[in-house]
Amino acid sequence: MCGIVGYIGNENVYDILIKGLHRLEYRGYDSAGVALVAPDGKLSVYKARGKVSNLESFCADKNLDARAGIAHTRWATHGEPSDKNAHPHFSEDGEIAVVHNGTIENYKVLKDALIAQGCKFHSETDTEVLAQLIEYIRVENQCSLLSAVRKALRQVVGAYAIAVVEKNNPDTIIAARQSSPLVIGIGENEMFLASDATPFVEYTKDVVYLKDGEIAVIQRGKPLKVTNLDNVETGVDVTTLQMSISELEKGGYPHFMLKEIFEQPRTLRDCIRGRVSDDGKRININGINDHKDKFLNCKRIVIVACGTSWHAGLLGRYLIQEMCHIPVVVEYASEFRYSYPVLDENDIVIAISQSGETADTLAAIKIAKSMGAFVFGISNVVGSSIPRETYAGCYIHVGPEIGVASTKAFTGQVMVLTLLALGIAQLRGTKSEDEIRALGEEVLRIPSYVEEVLKLDKEIRRLSLIYTYAHNFLYLGRGYSYPVALEGALKLKEISYIHAEGYPAAEMKHGPIALIDQEMPTVIIAPQDHLYEKIVSNVQQVKARGGNILAIVTEGDSVIRNIADHVLEVPVMPECLTPIITSVPLQLLSYYIAVNKGKDVDMPRNLAKSVTVE
Ligand code: F6R
């Protein structure tokens, strides 16, 4: 949530910052701003409510000549989206400017103390408190900016990734992190900083992921220096970025979301590669191989995640319980810490997060570790906090997901959970060699099945026109198709703003059935599985009440075809592997409905991709 970017070098900083902000806009887009330090030491701050494009229009007639600066795109936490609450924030004397991602929990106490010292505030943000605090300390102690930042951060409770610049010093940016991501790019005679590496991937592949409690001094013409809050140097650990610029472009698609839906055959191949032998017989997951005793002896698995990742977690429960016979519970990470959790060293906690930065999931991990559980992470963003905070894990390897609505990351997560379940089953002997081989062979075919399903694109686009103007939708599924129903409903509501409920199909008669009429379409996920007969009854129950039905069925289905208003067919496959296949048509359906309604598919209102606040 919120994206920050900074640059120091010989290029025009404004162009680099604006391009960087566009790349980070998935993190928040209710206001944006830049602070530029000109070669003569003049500090100029420009901000505008709304998307980065508004900021660009605002800056069109400004003097933007500078070679150092910082910028921010905001997802509001303290104070409404407005010009005054947009970052960067100034100190009262206009000497320093700060951008910040995170929340300062004790900002009220600090603010009151500063007001008592005569400080005046111009925004409702916690960030302005930090800017004023740093400057107050600097003036009081007559110390350097670095020293003032260090002293100020010692007083701060909360999460932050910050960048600070000062007037009269076009050669230095100070940056620091605590529980919010910050990465520094080291180029030739130039340095970058950002919430993730996307703003500078075309300039350098040499990156340093700042750790919690570290402060970086980024100086023109000097090597990067990193210290902790006690001013002890912690070293500079440079790693090579595995990301290409083409992954950050739309590649001819009108939206990132559509591109990402269509990328799934490739992303799933990348996710499976090296993890299933060519003959399907062996499942090879390093995170399991390196910790066999944990997976052999664990008595329970607890999955923690939020949103779409939580839906993937629900599928993980079905997969692991079916294949490994280990009890699994799935918790919303946001509720986990308030549910009086009971864990011990016999538990494995699996934390799932695309971004690897979700604050609630990170908090759940901390609790799990403190209680002695073995914590395993499943995430997409290499070098993000969750892979670093967990003892072992798996990347989903689907590449940067930029559309705010998660698509390829969801199928990647479900794929990793499928492989994990197969790997644990192989280790514990809960599936025979033949059963593993049969499923392994099918897993290898999934990318081609997804290719087949994507051929429904034209048909789904046509159907979307019929369903665009409904105000409410019900999504139903049973067994493996129940989490798919939840995910389908979430996709629709988050990008089209149509109310949609996902339900286990049999629960419908305990309440939601009262909603059914001709106005409310029901989407039923009904592949041929061991619950097929039961879901046919549910389809009939909806039809008997005049409901309109769109069903996802298995190729050749004739029973539901005769009852439902519309059907979309997916290939025949083993029951436990159907979720990846049945979720793809639902992604396309939500996409086209949102496009028909003229919604901003890649940046839906109020949302941000990386939720780094509680
Ligand atoms: C929905 C969506 C969100 C995320 C949730 C968790 O399309 O993207 O519901 O799934 O915010 O995010 P991660 O997976 O980054 O922890």
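The values are calculated or read from the model by the stated rules, or taken from the named source; none is laboratory data. It should be emphasised that the depicted structure is a prediction, and the values quoted were computed from it without experimental measurement. Glycine gets a Cβ as well: all are built from the backbone with ideal geometry, and neighbour counts include every protein chain shown.
One table, with the values for the structure above:
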read-out	value
Criterion violated by Tyr475 - all others in (1) among the hydroxyl-bearing types (Ser, Thr, Tyr); (2) more than 16 Å from the ligand (Cβ to nearest atom); (3) touching a residue at least 12 places away in the same chain (Cβ under 8 Å) satisfied	(2)
Within segment 90-102, tally of residues that are over 20 Å from Glu80 (Cβ atoms) and assigned to a strand (DSSP E or B)	2
Matching residues in segment 107-126 - criterion: being of a type in the set (S, T, N, Q) and surrounded by 14 or more Cβ atoms within 10 Å (Cβ to Cβ)	Ser123, Thr125
For Ala470: the one exception among (1) of a type in the set (Gly, Ala, Ser); (2) in the same structural domain as Gly280 (by TED's automatic domain parsing); (3) over 28 Å from the mean Cα position of the chain (by Cα)	(2)
Residue check for Asp83: acidic (Asp, Glu) and either surrounded by fewer than 16 Cβ atoms within 10 Å (Cβ to Cβ) or not assigned by TED's automatic domain parsing to the domain that holds Ala194 (or both)	yes
Only one of Ser179, Ser244 that is at pLDDT below 95 and under 18 Å from the mean Cα position of the chain (by Cα)	Ser179
Hey, Asp290 out of contact with any helix residue (DSSP H, G or I) (no Cβ under 7 Å at 6 or more places or on another chain) and either within 15 Å of the ligand (Cβ to nearest atom) or under 21 Å from Met415 (Cα atoms) (or both) or not	yes
Test set (1) of a type in the set (D, E, K, R); (2) part of a loop (DSSP other than H, G, I, E, B); (3) within 22 Å of Gly33 (Cβ to Cβ) - Lys211 fails condition number	(3)
Residue list for segment 140-170, filter: out of contact with any helix residue (DSSP H, G or I) (no Cβ under 8 Å at 6 or more places or on another chain) and in contact (Cβ under 8 Å) with a residue 24 or more places away in the chain	Leu146, Arg150, Leu153, Arg154, Val157, Ala161, Ala163, Val165, Lys167, Asn168, Pro170
Helices (runs of 4 or more DSSP H) contained in segment 331-430 and holding at least 3 residues within 16 Å of the ligand (Cβ to nearest atom), within 22 Å of Gln242 (Cβ to Cβ) and within 12 Å of the chain's Cα centre (by Cα)	408-428
Helices (runs of 4 or more DSSP H) contained in segment 236-297 and holding at least 1 residues among the charged types (D, E, K, R)	256-262, 264-272, 292-297
Residue match in segment 195-207 (condition: free of Cβ contacts under 8 Å to residues at least 60 places away in the same chain, among the β-branched types (Val, Ile, Thr) and assigned to a strand (DSSP E or B))	no
Given (1) within 17 Å of Thr418 (Cα to Cα); (2) outside any helix (DSSP H, G or I); (3) within 16 Å of the ligand (Cβ to nearest atom), index of the condition His311 fails	(2)
Segment 478-510, subset of a type in the set (D, E, K, R) and either more than 13 Å from the ligand (Cβ to nearest atom) or on the phi > 0 side of the Ramachandran plot (or both), residue modelled with the lowest pLDDT	Lys509
Residues of segment 211-223 that turn out to be at pLDDT 95 or above and surrounded by 15 or more Cβ atoms within 10 Å (Cβ to Cβ), as a count	8
Selection status of Lys458, among the charged types (D, E, K, R), more than 16 Å from Ile285 (Cα to Cα) and within 16 Å of the ligand (Cβ to nearest atom)	no
In segment 329-362, the residues that are surrounded by fewer than 21 Cβ atoms within 10 Å (Cβ to Cβ) and more than 30 Å from Thr103 (Cα to Cα)	Val329, Asp344, Glu345, Asn346
Condition check for Leu456: over 24 Å from Ile350 (Cβ atoms) and in contact with a helix residue (DSSP H, G or I) (Cβ under 8 Å, 6 or more places away or on another chain)	yes
The one condition in (1) surrounded by fewer than 19 Cβ atoms within 10 Å (Cβ to Cβ); (2) closer than 28 Å to Gln219 by Cα that His89 fails to fulfil	(1)
Test set (1) in contact (Cβ under 8 Å) with a residue 40 or more places away in the chain; (2) over 30 Å from Leu422 (Cβ atoms) - Leu296 fails condition number	(2)
Entirely in segment 103-192, the helices (runs of 4 or more DSSP H) that have 2 or more residues that are of a type in the set (Lys, Arg)	107-116, 145-155
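Conditions tested, residue by residue: (1) more than 30 Å from Glu452 (Cα to Cα); (2) of a type in the set (D, E, K, R).
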residue	(1), (2)
Ile184	yes, no
Phe192	yes, no
Thr198	yes, no
Leu210	yes, no
Asn231	yes, no
Asp237	yes, yes
Lys250	no, yes
